[in-house]
Amino acid sequence: MHIGDRTIDLSRPVVMAIVNVTPDSFWEGSRRGSDSGRIAEAVDRAVSEGAAILDVGGYSSRPGAADVPPQQEFERLARAMDIIRENHPQAVVSLDTFRARVAARIMERYGPCIVNDISAGELDPEMVPAAANLGVPYIAMHMRGNPQNMQDRTGYRDIVTEVTQYLSEKAEVLHSAGIGEIVLDPGFGFAKTARENHTLLHGLDRITAIGYPVLSGISRKAMIYKPLGTSPAEALAGTIALDWELLRKGAAILRVHDVKEAVETVKLFNYYIESSKFGNGKND
């Protein structure tokens with residue numbers, strides 16, 4: 001991926017760090033709100049622990065989250081971008097927004113960023129042409145409805161086939177619109193039950209087979225803590241376990257709250273894959 005004068009090599013998996021500038025994200029431990037000190041601390045830690053991308057969000061997309069006015073979302077993102085550009089000017093940033101004008105205003109002020117659109121252009125018809133005009137990578141995610149009603153829109157005949165078909169067709173639309181670098185996201189946790197999320201994970205290799213890099217974000221989500229009968233705060237071990245399966249199925253980007261653990265998971269996965277080349281394993 002090319003973001004201005006910066007490049008990210010996706011031939012091996014990379015980690016995207018979640019930087020929430022919101023007061024109401026689903027996991028309390030990820031909420032930074034308007035506290036500049038907490039934002040700076042989260043960014044510093046993510047960079048030091050090896051995040052390749054900082055995913056900055058000013059609009060909580062948890063199920064049932066309240067709508068956020070565009071100006072407020074912009075101000076939240078700008079607060080984080082001020083800190084990132086001052087302390088880590090070379091950091092690659094993705095903007096977790098579905099609003100074209102918000103993305104454009106941020107990039108006018110701070111330079112090129114990846115667009116990470118949970119609606120794949122469905123919630124703002126100007127987003128796809130804007131991303132094409134900006135010439136930046138675009139992440140298109142599968143979701144039904146919006147964060148306010150998406151969990152009323154679960155239920156699939158064949159979730160793997162339906163999501164694969166949607167993303168395949170969406171990639172063609174994006175390519176035709178002039179977007180040069182596309183990443184696909186199956187949208188774990190968006191308009192899907194816990195069981196549907198696991199079925200989708202089981203078939204993720206069909207989505208990676210479309211031919212575009214795939215981003216997957218399951219960090220501390222209900223698909224982990226509900227089957228375990230726990231909570232987001234207790235879902236780190238489950239996240240690591242399922243992140244390994246995401247990598248095994250071909251995910252190129254892991255979107256996570258816990259960067260250190262995800263970076264170590266990727267490193268160990270790469271070592272595991274490479275070790276198959278050495279036969280009896282005596283070449284350490």
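Residues in the range 124-153 that are surrounded by 15 or more Cβ atoms within 10 Å (Cβ to Cβ) and either assigned to a strand (DSSP E or B) or modelled with pLDDT under 95 (or both): how many? The total comes to 11. Under the condition of being of a type in the set (Asp, Glu) and open to solvent by 40 Å² or more (accessible area, probe 1.4 Å), the residues counted in the range 176-209 number 2. Pairing residues of the range 97-111 that are in contact (Cβ under 8 Å) with a residue 12 or more places away in the chain and small (Gly, Ala, Ser) with residues that are in a loop (DSSP other than H, G, I, E, B) and open to solvent by 20 Å² or more (accessible area, probe 1.4 Å), at Cβ distances under 6 Å and at least 6 apart in sequence or on separate chains, gives Ala100/Asp124; Ala100/Glu126; Gly111/Gly4. When the test is whether a residue is under 19 Å from the mean Cα position of the chain (by Cα), part of a helix (DSSP H, G or I) and not small (Gly, Ala, Ser), Val163 passes it.
Checking the conditions here, which among Ile114, Ile106 is within 30 Å of His198 (Cβ to Cβ) and open to solvent by less than 60 Å² (accessible area, probe 1.4 Å)?
Every option except Ile114 fails the conditions.
All of (1) in a loop (DSSP other than H, G, I, E, B); (2) open to solvent by 50 Å² or more (accessible area, probe 1.4 Å); (3) within 27 Å of Arg99 (Cα to Cα); (4) out of contact with any strand residue (DSSP E or B) (no Cβ under 8 Å at 6 or more places or on another chain) hold for Tyr212 with one exception: (4).
Applying the criterion of being of a type outside the set (A, V, I, L, M, F, W, C) and open to solvent by less than 10 Å² (accessible area, probe 1.4 Å) to the residues of the range 52-103, the residue that is modelled with the lowest pLDDT is Ser60.
Gly121: assigned to a loop (DSSP other than H, G, I, E, B), open to solvent by 20 Å² or more (accessible area, probe 1.4 Å) and farther than 21 Å from Arg206 by Cα, yes or no? Considered against the rule, which asks whether it is assigned to a loop (DSSP other than H, G, I, E, B), open to solvent by 20 Å² or more (accessible area, probe 1.4 Å) and farther than 21 Å from Arg206 by Cα, Gly121 comes out as no.
When restricted to residues that are more than 17 Å from Gly187 (Cα to Cα) and touching a strand residue (DSSP E or B) at 6+ places or on another chain (Cβ under 8 Å), the range 229-278 contains 5.
Report, by residue number, each residue of the range 170-196 that is assigned to a loop (DSSP other than H, G, I, E, B) and closer than 15 Å to Met223 by Cβ. Across the range 170-196, the qualifying residues are Pro186, Gly187, Phe188, Gly189, Phe190, Ala191, Lys192, Thr193.
The values are calculated or read from the model by the stated rules, or taken from the named source; none is laboratory data. Note that the structure is a prediction, hence the values are computed from the model and not measured. Here the Cβ is made from the backbone with ideal geometry for all residues, glycine too, and neighbour counts use every protein chain on show. Protein only, heavy atoms only, side chains kept; ligands, DNA and RNA dropped before computing areas. Shrake-Rupley method; radii C 1.70, N 1.55, O 1.52, S 1.80 Å.
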